[in-house]
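Attaching a single structure in structure tokens format; questions to follow.
Derivation of every value follows stated rules applied to the coordinates shown; laboratory data play no part. Since the structure is predicted, the reported quantities are computational estimates derived from the model, not experimental observations. As a convention, Cβ positions derive from the backbone with ideal geometry for all residues, glycine included, and neighbour counts pool all protein chains shown.
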Amino acid sequence: MEAEALRAEALHLCRAGRLNDAAVAFEQARTAYLAEQNDAGAASAANDLGVIYYRMGHRAEARQVLQDALAAFEKLGNVAGQAKALGNLAQLMQRAGDQAAAERNYQRAAELFRLVGDRALESNTYRALSQMQLQRGRWLEALAAYDRALAAKGGSGLLRAFLRIPLRLLGMR
């Protein structure tokens with residue numbers, strides 16, 4: 001139970017903007033989960049720690065911890081955890097300038113969110129992918145990703161029909 005208390009404290013510190021203290025608390029929670037043989041808890045704490053490192057600008061540490069979390073979630077068969085870790089890695093890769101890796105991670109995260117039925121996160125992930133593609137001048141891919149975002153949320157049928165026109169003309173739908 002110590003691990004849960006440490007994670008709760010880390011979340012509180014994060015909300016208070018005390019990122020350095022939150023990082024220490026998440027690392028302690030991760031260690032405590034491992035001591036309790038709670039691999040799922042340790043993976044979740046690692047994912048949270050990766051986000052904190054990312055917010056602090058510690059990209060190398062963030063990447064390593066998020067990749068560790070992803071590997072742990074894969075080993076556990078935790079699809080929702082994999083999707084979250086991939087989404088976080090995608091944001092990190094996008095900010096680091098590795099657009100190809102970011103795009104792959106966003107795409108895979110969205111697919112996994114769909115598998116677990118989390119339509120809100122699936123939609124948010126496709127929207128992030130669409131925005132990234134739009135910034136890169138990849139208009140048609142951005143439209144297709146935005147269409148998938150709307151579909152995940154049960155979005156406007158009229159807007160989706162409008163978006164499909166150029167996609168159909170080019171054989172993408």
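Using each residue's phi in region 107-122, evaluate 6.51 cos²θ - 1.76 cosθ + 1.60 at θ = phi - 60° and report the 3J(HN,Hα) Karplus result to the nearest Hz, with x for Gly and Pro.
Working through the residues one at a time gives 4, 5, 4, 4, 4, 5, 4, 5, 4, 8, x, 8, 5, 5, 6, 4 Hz.
Another question, then. Ranked by Cβ crowding within 10 angstrom, fewest neighbours first, how are 125, 31 ordered?
31, 125
Can you compute the charge dipole magnitude of the chain about its Cα centre, using +1 on each Lys and Arg Cβ and -1 on each Asp and Glu Cβ, nothing else charged? Give it in debye, rounded to the nearest 20.
In debye, rounded to 20, the chain gives about 1100.
Also, I was wondering about something else. Which listed residue (82, 23, 96) has the Cα farthest towards the positive end of the charge dipole for the chain, taking +1 on Lys and Arg C-beta and -1 on Asp and Glu C-beta about the Cα centre?
96
By how many nm would the segment from residue 134 to residue 80 grow when fully extended, if each residue of separation counts as 0.36 nm and the alpha-carbon distance is taken off?
Stretched out fully, the residue 134 to residue 80 stretch lengthens by 16.8 nm.
Related question: Using Cβ contacts closer than 10 Å as the measure, can you line up 153, 75, 84 from fewest to most?
Least to most surrounded, the residues fall as 75, 153, 84.
Follow-up question, since we're still on this one. Report, in whole Å, the centroid distance computed from the Cα atoms of region 82-158 and region 9-60.
25 Å
Moving to a separate point now. Which length gain, in nm to one decimal place, applies between residue 11 and residue 71 when the Cα-Cα distance is subtracted from 0.36 nm times their residue separation?
Difference between extended and current length: 19.3 nm.
Using the number of other C-beta atoms within 10 angstrom as an exposure proxy, rank 129, 92 with the fewest first.
92, 129
Once a ≥ b ≥ c are taken as the square roots of the eigenvalues of the Cα gyration tensor of region 17-106, is the result rounded (a/c under 1.5), prolate (a/b larger than b/c) or oblate (a/b not larger than b/c)?
It is oblate, given that a/c is not under 1.5 and a/b is not larger than b/c.
Something else: Please list 3J(HN,Hα) in residue order for region 81-86, calculated via the Karplus relation 6.51 cos²θ - 1.76 cosθ + 1.60 where θ = phi - 60°; whole Hz, with x for glycine and proline.
For region 81-86, the Karplus-derived couplings read x, 4, 4, 5, 5, 5 Hz, x marking Gly and Pro.
At q = 0.18, 0.19, 0.23 Å⁻¹, work out log10 I(q)/I(0) for region 39-152 with the Debye formula, treating every Cα as an identical point scatterer and leaving solvent out; two decimals please.
With one equal scatterer per Cα and no solvent, log10 I(q)/I(0) is -0.85, -0.93, -1.21.
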